[in-house]
1. Return the carbon/sulfur percentage of the accessible area of the chain, one whole number, probe 1.4 Å, all protein chains in place.
2. Relative to the longest principal axis of the C-alpha atoms of the chain, give the angle of the C-alpha long axis of helix 288-299, reported between 0 and 90° and rounded to the nearest 10°.
3. With only alpha-carbon atoms in the gyration tensor, what are the semi-axes of the equivalent ellipsoid for region 245-326, in Å, largest first?
4. Which ³J(HN,Hα) values, rounded to whole Hz and listed in residue order, are derived for region 155-170 from phi using the Karplus coefficients 6.51, -1.76 and 1.60 in 6.51 cos²θ - 1.76 cosθ + 1.60 with θ = phi - 60°, glycine and proline given as x?
5. Just how large is the dipole of the chain about the Cα centre, in debye to the nearest 20, putting +1 at every Lys and Arg Cβ and -1 at every Asp and Glu Cβ?
6. Once amide H atoms are placed 1.01 Å from N in the peptide plane, what residues at a sequence separation of 5 or more from residue 429, or on another chain, have their amide H within under 5 Å of its amide H?
7. In Å, what is the Rg of the alpha-carbon atoms in region 244-284, and how long is Dmax?
8. Given the C-alpha centroids of region 166-218 and region 29-52, what is the distance between them in whole angstrom?
Amino acid sequence: MGTTDSSRAGHGRSVAGHAAPPSGLLDLLGVAAVVVNAAGEVVFWSPKAEDLFGYTAAEALGQHAARLTVHEEHRDEVIKLFAEVMESGSDWAGAFPIRHKDGSTRLVEFRNMRLLDDLGDVYALGLAADQSAVEQIERDAALAMRLVSQSPIGLAILDPDLRYLAVNPALERITGQAASERLGRPVGEILTFLDTDPEARLRRVLETGESVVDRHIVCRPPADPDHEHAWSVSYYRLEDARGRVLGLAYSVIDVTERHQAAAEAAQARQRLTLIARASACVGSTLDLKATARELADVVVPALADVAAVDVLDSVLDGRSPPHEGPALFRALAVSAVQATEAVRAADPTGGLATYDSDRLITQCVRTRRPVLVPHTTRQDLERIARHAEAASLLAAAGVHSYLAVPLLARGEVLGALDLARTRNPAPFDDDDVLLAGELAARAAVCIDNARGYQAQRQAALTLQRSLLPERPSHLPGLEVACRYQPAGATSEIGGDWYDAVPLQGDRTALVVGDVMGSGVKAAATMGQLRSAARAFAELALAPAEALRHLDHLTEGVEQTITTCIYCVYDPHRGTCEICLAGHLPPALIRRGHAAQLLDLPTGAPLGVGGVPFEAATIAFGPGDALVLYTDGLVETRSEPIDARLDTLLDALTMTRGHDLEDTCDRLLEILRSPGGEDDVALLIARARS
């Protein structure tokens, strides 16, 4: 009996077929066991008693316990307490100083109780531990319980089966779930609102002992499903001093405010990036539809899933929009993150659509204020769409939030930017209204510029086309085809022209010219020169003489430089007299020969003054063709002019003998790039019998 101790008895014994590993708490306390008989003599002395009192079992057994361990001044009191326990059978607990073998005094806490064996003999069992060790453990336990209960960090203790054993108040507050809802239940039944599988992760921590620290989780807990919460979660395996797995603990720190601040900062950066991108992308051209398309594309998907740009048709015509009744819109652009029913609900690009006065887009342009519907209903969709069928398409597409902002530029409302969300679950909010308004304001200026440019360009183009001649009904011995193409959307129209003037004696004057510059001024100058050239032709002036008069005419016009080619064809002589004023040489195509550029005196452009013009006469018989053109057909920034002229000759050789109208179209197709930066005048004349 004297040598038995739990510290030397292994990790446990098999009881009823189940392993019962010991706890390490008693080892921390160092509990000593001492048994004395009715006479007060020691009959049992544990190894821990040897550690506590200093006497070995051999020294203690058979000795009177009180005389061995108690100071003389306390001995009578101890004997009295011992007698009371033996007589009454009641337990006693308390602490008093004992005498150690080395002579020192230690305060020891006792638990004493009476024992009775099968022979009826009475003994007393004393359990003793150093009071300082007991107090240390009590302080640690109290501190731990206090920290857990008052900690702002949520804590939970789970058993090895991952069932809740304890939950502190902070975790109740953070998750919105009471401890009574968790205790005894498996973690998988409680954390169902998380996107990941927490039970599997906890199981790995329990099996491997590898802690997970500061794992960021964003979720919508059951207590607040309408808002996102951010938590920093850590998982730890719990073990006792012997390494036995007791369960698992996890901590939760609410970092929602930090998460929201970071999200707001990121959102602000995204908004600034979007504004910068819009500033760079929207308005890259002066084309109205292209500008609207750029605006629609820049907001999808950064701000909306579907975007449409609609302008008031009255604005395009220069009229003031009506202040009441339906509004007539022209759809300029539609953009979406994917093919959806919402795109079908939008008005076809380029088409006109009438919206009643109760529609939200009409209210937007009439009030000049944004219209925000964070959560749309069926009634809202009917006020967004133009008609009931479109409303059904919006509902089928899942449109759940809507925003319309007016396009305002220079105090005038031009139209509206329509935004809808289908895939993005977040509704539009006030921040989105501000961002959309900023983008719309920047884009509206670009749209207004494009509108103004388009109106000016259309006026210049109308003027220029009105100044170009109609094709003569009959030119003796000559077949003529002509084309004029204005410059692309990024440039204004120029001053290129062509003319074919029937003269006396069955002759024909062929003229192609190019006024430097662009816009209305160039078109007006072109009209003056064309009229003058026609007048000089009807006076039967020779080509060189006609160009000399034109040069003299342009001397008084400020900053006017014009290139021109002037030809007179005489079918009776089978000749063509040609004179150049700084113009590119014409191409000649003879039967059975490849096309070639004529080597002629170049001359100086009109407006230079003081330079004589020199004409040349060539044979020009039936089947021969002469090609007159302006530099917009062959000049580009990326290729040398010689290479482009070779391309022109190759194209003419390839189309030799074709219908002249087809030849014109083919030349423009081969040589004219889309959106060319200069306008083009082209005239092809072919002699016939």
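The values are calculated or read from the model by the stated rules, or taken from the named source; none is laboratory data. Small disclaimer: the values here were computed from a predicted structure and weren't measured. We place every Cβ from the backbone using ideal geometry, glycine too, and count neighbours over all the protein chains shown. Please note that ligands, DNA and RNA were not included when accessible areas were found on the heavy atoms of the full protein model with its side chains. Shrake-Rupley method; radii C 1.70, N 1.55, O 1.52, S 1.80 Å.
1. 52
2. 10
3. Output for region 245-326: semi-axes of 47, 17, 11 Å.
4. With coefficients 6.51, -1.76 and 1.60, one gets 10, 9, 10, 10, 7, x, 8, 6, 9, 5, 9, 8, 9, 8, x, 4 Hz.
5. Computed charge dipole of the chain: roughly 1160 debye.
6. none
7. For region 244-284, the Cα radius of gyration and maximum Cα-Cα distance read 20.9, 71 Å.
8. About 46 Å separates the Cα centre of region 166-218 from the one of region 29-52.
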